[in-house]
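The values are calculated or read from the model by the stated rules, or taken from the named source; none is laboratory data. Remember, it's a predicted structure, so these values are computed and weren't measured experimentally. Counting neighbours? That spans all protein chains shown, and the Cβs are built from the backbone with ideal geometry, glycine included. In case anyone asks, the SASA skips ligands and DNA or RNA and just uses the protein heavy atoms, side chains included. Shrake-Rupley method; radii C 1.70, N 1.55, O 1.52, S 1.80 Å.
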Amino acid sequence: TVSGNLVATGVGINDGGAALSVTGTTSLTAGPGNNIGLGTSGDSFTGAVTVNSGKDVTLNDSGALAVNGTVSGNLVATGAGINDGGALLSVTGTTSLTAGAGNPINLVGSAGDGLTGAVIIHSGDNVTLNDAVALAVNGTVSGNLVATGVGINDGGAALSVTGTTSLTAGPGNNI
């Protein structure tokens with residue numbers, strides 16, 4: 001348990017398989033070629049998790065997860081709701097999100113996030129995505145989907161939305 005903020009720098013960062021609890025913000029710097037593994041059930045991040053650098057990043061929060069920063073590989077994020085805290089999230093690879101069927105996902109960044117690979121929604125209620133590049137989104141949304149990108153597609157996989165779907169691709173871009 002960290003009662004306050006956690007600043008971790010290393011050639012790769014992990015929780016060793018034991019639950020990690022941080023009551024403040026979490027700042028992680030693993031280097032663009034090194035992985036971050038904080039995916040143990042019971043991990044808890046009260047404040048935002050900022051990935052300053054990391055390749056493949058796995059985060060599991062027992063509560064709502066706020067994640068932002070730069071991931072040079074894939075992001076796997078699990079929480080009782082997922083958001084970017086209003087700050088930029090940039091992911092070069094795929095972004096896999098599991099928020100639970102009754103919890104929202106809001107990745108909108110300050111001017112749109114940079115989600116280069118496909119965004120896979122494993123579970124999420126009302127989902128809002130604002131991507132500053134072309135957006136590929138698929139998976140299962142149990143509520144409404146609001147998606148903005150410079151073009152929008154499903155990445156070749158199924159997209160299921162129980163509620164309404166609102167898509168904004170910008171003029172001259174395909175959906």
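Of the residues Ala111, Ala101, the single one that is among the hydrophobic types (A, V, I, L, M, F, W, C), out of contact with any Gly (no Cβ under 8 Å at 6 or more places or on another chain) and modelled with pLDDT under 95 is Ala111. Of the strands (runs of 3 or more DSSP E) lying entirely inside region 33-95, those containing at least 3 residues that are without any contact (Cβ under 8 Å) to a residue 40 or more places away in the chain and among the polar types (S, T, N, Q) are 49-53. Summed over region 79-98, residues that are under 14 Å from Asp56 (Cα atoms) and not hydrophobic (A, V, I, L, M, F, W, C) total 6.
Looking across region 11-27, the residues that are farther than 18 Å from Gly93 by Cα and open to solvent by less than 50 Å² (accessible area, probe 1.4 Å) come down to Ile13, Asp15, Leu20, Ser21, Val22, Gly24, Thr26, Ser27.
Scanning region 1-10 for residues that are open to solvent by less than 50 Å² (accessible area, probe 1.4 Å) and outside any loop (DSSP other than H, G, I, E, B) yields a total of 3. Residue under question is Gly170, and the condition is that it be touching an Asp or Glu at 6+ places or on another chain (Cβ under 9 Å), in a loop (DSSP other than H, G, I, E, B) and either open to solvent by 50 Å² or more (accessible area, probe 1.4 Å) or farther than 19 Å from Asp56 by Cβ (or both); does it hold? The answer is no for Gly170.
Among the residues of region 150-167, those identified as part of a loop (DSSP other than H, G, I, E, B) and not aliphatic (A, V, I, L, M) are Gly151, Asp154, Gly155, Gly156, Thr162, Gly163, Thr164.
In region 143-155, is there at least one residue being exposed (fewer than 15 other Cβ atoms within 10 Å of the Cβ) and acidic (Asp, Glu)? Yes, region 143-155 contains at least one residue that is exposed (fewer than 15 other Cβ atoms within 10 Å of the Cβ) and acidic (Asp, Glu).
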